[in-house]
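Trainee: After the C-alpha cells below, expect a handful of questions from me.
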Amino acid sequence: ETGGWPEWLGTVLIAWLAASVVLLLGNAIVDKVGQRGLVALERLTGMFLVAMSVEMLLSGIGRYFNTLP
C-alpha cells in the first residue's frame, strides 16, 4: 500500500472538485476560449493522457522484467 485512506480520500475529493468546476463552468469556458481553443484543449488533454498511459505501461513492463530471475 502506497498511502492510507486519508490520502486516497483527499485525492478523490480533489479530482471530484476539479471535475465539478469544469462541469459547472463549461459554458463560460467555451465562451472564453472559443471553438478553436476548445479543440486545442481537447488535443492537449489527449496528449497528456497518452503520455501518462505510456509512462504507466513502461513502468509496468520494467517491474515485470525486474521480477524475472
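Trainee: Normalized C-alpha radius of gyration of the chain, against 2.2 N^0.38 Å? Please list the in-between numbers first.
Mentor: Numbers: Rg = 17.8 Å, N = 69, 2.2 N^0.38 = 11.0 Å.
For the chain, the normalised Cα radius of gyration is 1.61.
Trainee: Between the helical axis of 5-24 and the dominant principal axis of the chain, each derived from Cα atoms, what acute angle in degrees is found, rounded to the nearest 10?
Mentor: 30 degrees
Trainee: With every protein chain left in place and a probe of 1.4 Å, what is the accessible surface of Glu7, to the nearest 10 Å²?
Mentor: Rounded to the nearest 10, that gives 110 Å².
Trainee: Would you mind getting me the FRET efficiency between Ser20 and Val54? Use the beta-carbon distance for r and R0 = 35 Å, nearest 0.05. Numbers along the way, then the final one.
Mentor: Values: r = 29 Å, r/R0 = 0.82.
It comes to 0.75.
Trainee: Sticking with this structure for a sec: At Val39 and Ile61, where each label point lies 7 Å from the Cα along Cα→Cβ, what is the point-to-point distance in nanometres?
Mentor: Going by the 7 Å Cα→Cβ label model, 3.3 nm.
The values are calculated or read from the model by the stated rules, or taken from the named source; none is laboratory data. This one's a predicted model, so the numbers in the text were calculated from it and none came from an experiment. Glycine gets a Cβ as well: all are built from the backbone with ideal geometry, and neighbour counts include every protein chain shown. Quick note on the areas: whole protein, heavy atoms, side chains included, nothing else; ligands and nucleic acids left out. Shrake-Rupley method; radii C 1.70, N 1.55, O 1.52, S 1.80 Å.
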